[in-house]
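This report refers to the structure that appears directly beneath it.
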Amino acid sequence: MNWEVSTMPSKRSFFNGTLFRKNLTRFWPLWGGVSLMGAVFPLYVLLSILGREYVSYTARDMGRALYGVVTELVPGFLLVYAALCGVLVWGYLNNSRSVGLYHSLPVDRTCLYLTTLASGFAMVLIPFVVVGALLCLVCLVTGTLPLLAVAETALAVVLMAVFYFSTATLAAMVTGNGFAMLAFYAIGHFLAVLLESLVTAFASGFLFGLTSLSAGVLNFLSPTIYIYEHFKAYYSIWDASGPDSLQGMWVIAVYALAGLVLLALSWLLYRRRKSESAGDVVAQWWLKPIFRYGVALCSALTLGQVLYELVYGFPFQEGVYYHLIPMAICLIITGILGYYVASMLLKKSLRVFKGDWQGPVTTAAIVVILCGCVSLDIFGTASYVPETEEIDTISVTCSAGYAVTEIAPDSPLAQSALALHRAILADEDYIRDMTAQWNDGGQWEEGSTGLTDRAASADMDFECVHFQYVLKNGDTVYRSYPVVLVKDRWYNQPDTFDCQLRETLCGPEAAIASVSPGYGGTVESVYGYIWIEEGTDISLAGDEARAVYSAVLEDAAAGRLYHWDPFADDEEYELIGSLEFAFQPGNAPNDGNSYSIGTEYKTVDLYTAMTSTLQTLRTLGWNGGGLVDTEMQG
């Protein structure tokens, strides 16, 4: 007997409809509840139009509402909602019985992955489809449908949904525990900015001038933060016929492309994932040492600094900067503690101490290297001063409240600010020593200031000088220096930073800058009040307002405006009024922010020393309330 065997080629499936529908029906309370809550928005719009005669929406109004929602609410919402969808659809990986059941189905892992991915992505998008469809229906009924805004908003939502759900999927692939998945997801989105902030805060305790505000370079690795910084709605406020638009679509497009790469990586991890890893905090073997030393480093940078302040900093530290060896010891202790905690989580046991000496030794070595690199400033961070050609604007601020802001780099005041910064760096050792003695209660060493302790209390002042550089590439550089000012150096020693600070913040250029508009423009009007006797209201426009402003500039150039001076007698600066100048229009560039710059205002305090301004006001006839009788002081 001849047996004839008939063979048919097997057909490989990449999608299973039954599993897809099963996921949607199992988890309908999540996407259904969110859709129901979201439907309140189009319902509110419809009821507002039908129930209130004075409410009238146009297509432009609806477009602006969509732009506002997609830039201000959607990123934060998707950050949370995509994680919830991910932890539900991939939840079977966290239970040994469920993962065994799924992996025994007559479908391969690629089909399982793609089907689960599609169902999760559908859960993310369903609420947006429901709310968007209802809103479009309302707009069609009322004749206010903004087609371009709807298309741009829909595209932005899809791009962000791809990215956020891809990161949730990757988090599910590297762990076998739902709570750990959510933790990894949150850490992955904010690890870069948090770690940079921790390292910057730690380095600021060693490096001269560095502050926690110096962080922010790695914001692009924290997507939600970067999206909120660069994805914005632009509304043409001053031009009624001008177009509104979404600025920064390229940002979410780049993140969406990155999300596709993460999905491919997740697929590779899923294919090699062991079913036995269900329930593990870390499901991938290669990630376990990274997890151990990552927890150890974060523990050292957080708990280590707290321990240092408790046991050494408050009782023994002199000045505002850390002492290297005590800090290293505290970081080693807390780093090793973090290493063992991570080991306990991985092994699900408290018995992690026996036989593991390599980990603590490696942790201590990492901490020592970190402390050494930071304290030696191997990257030259503390000595960095931007070059003129790199700078867009400079701002210098003193803790006493006086400041010159947004200085153009080619102005003499900017060169003075750069010279001040370099002078402070050149006097680093002197400043560290003086601030340490100031913080120690003013016990000045003999010869350190040339003053007795009693004289020092009257002829010295403690301030903080802050620099902010906005660079042409968009980066911002912050530096802050606690300094002790000495009266003799302030007035009589031009080669010191004290004198340079006085020339920068108290000179004529700074006075002129303090009363000048940030974006130029022409003075259109001035309003003010002088409170001598009965008082005098001032209201001028056109040429008269410009004459008063010219007089203010003349007083500024002559040094008759009030300026901060810690050692000066302010009796000659008797405050008698206030002037507010309106500049119209400004010439601010369109930088993609939500609002344009229109009229700009500058407030100038009026003092008796401002003789040119007072004389101009008299000439213009504003002499009521005792202004004529006020004695002018030169």
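The values are calculated or read from the model by the stated rules, or taken from the named source; none is laboratory data. None of these values were measured; they are calculated from a predicted model. With ideal geometry, Cβ positions are generated from the backbone for all residues, glycine too; neighbour counts draw on all protein chains shown. Quick note on the areas: whole protein, heavy atoms, side chains included, nothing else; ligands and nucleic acids left out. Shrake-Rupley method; radii C 1.70, N 1.55, O 1.52, S 1.80 Å.
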**Prompt:** Under the condition of being open to solvent by 10 Å² or more (accessible area, probe 1.4 Å) and hydrophobic (A, V, I, L, M, F, W, C), which residue from region 77-104 is modelled with the lowest pLDDT?
**Reply:** Leu101
**Complete:** Gly176 meets each of (1) open to solvent by 10 Å² or more (accessible area, probe 1.4 Å); (2) out of contact with any Phe, Trp or Tyr (no Cβ under 6 Å at 6 or more places or on another chain); (3) of a type outside the set (Phe, Trp, Tyr) with one exception, condition (1)
**Item:** One residue from Ala183, Ala161, Ala133 being of a type in the set (A, V, I, L, M, F, W, C) and modelled with pLDDT of 95 or more
**Value:** Ala161
**Message:** Restricting to region 135-152, and then to whatever is open to solvent by less than 20 Å² (accessible area, probe 1.4 Å) and among the β-branched types (Val, Ile, Thr), can you tell me which residue is farthest from Tyr185 (Cα to Cα)?
**Reply:** Thr144
**Asked** Within region 485-503, is there a residue that is part of a strand (DSSP E or B), touching a strand residue (DSSP E or B) at 6+ places or on another chain (Cβ under 8 Å) and not assigned by TED's automatic domain parsing to the domain that holds Thr616?
**Response** yes
**Asked** Which is modelled with pLDDT under 85, in a loop (DSSP other than H, G, I, E, B) and open to solvent by less than 60 Å² (accessible area, probe 1.4 Å), of Ser596, Ser525?
**Response** Ser596
**Complete:** Those residues of region 105-120 which are open to solvent by 30 Å² or more (accessible area, probe 1.4 Å) and aromatic (Phe, Trp, Tyr) amount to none
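Every residue, every condition in (1) of a type in the set (A, V, I, L, M, F, W, C); (2) more than 28 Å from Gly91 (Cα to Cα), yes or no:
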{"site": "Leu262", "(1), (2)": "yes, no"}
{"site": "Arg271", "(1), (2)": "no, no"}
{"site": "Trp286", "(1), (2)": "yes, no"}
{"site": "Phe291", "(1), (2)": "yes, no"}
{"site": "Leu297", "(1), (2)": "yes, yes"}
{"site": "Leu310", "(1), (2)": "yes, yes"}
{"site": "His323", "(1), (2)": "no, yes"}
{"site": "Val341", "(1), (2)": "yes, no"}
**Asked** Being in the same structural domain as Val158 (by TED's automatic domain parsing), modelled with pLDDT under 90, under 30 Å from His230 (Cα atoms) and polar (S, T, N, Q), is that true of even one residue in region 42-65?
**Response** yes
**Message:** Please verify whether Val306 is within 19 Å of Ser375 (Cα to Cα), of a type outside the set (Gly, Ala, Ser), open to solvent by 40 Å² or more (accessible area, probe 1.4 Å) and assigned to a helix (DSSP H, G or I), treating the condition exactly as stated.
**Reply:** yes
**Request:** With the condition kept exactly as written, say whether any residue in region 56-76 is open to solvent by less than 60 Å² (accessible area, probe 1.4 Å) and not in a helix (DSSP H, G or I).
**Result:** no
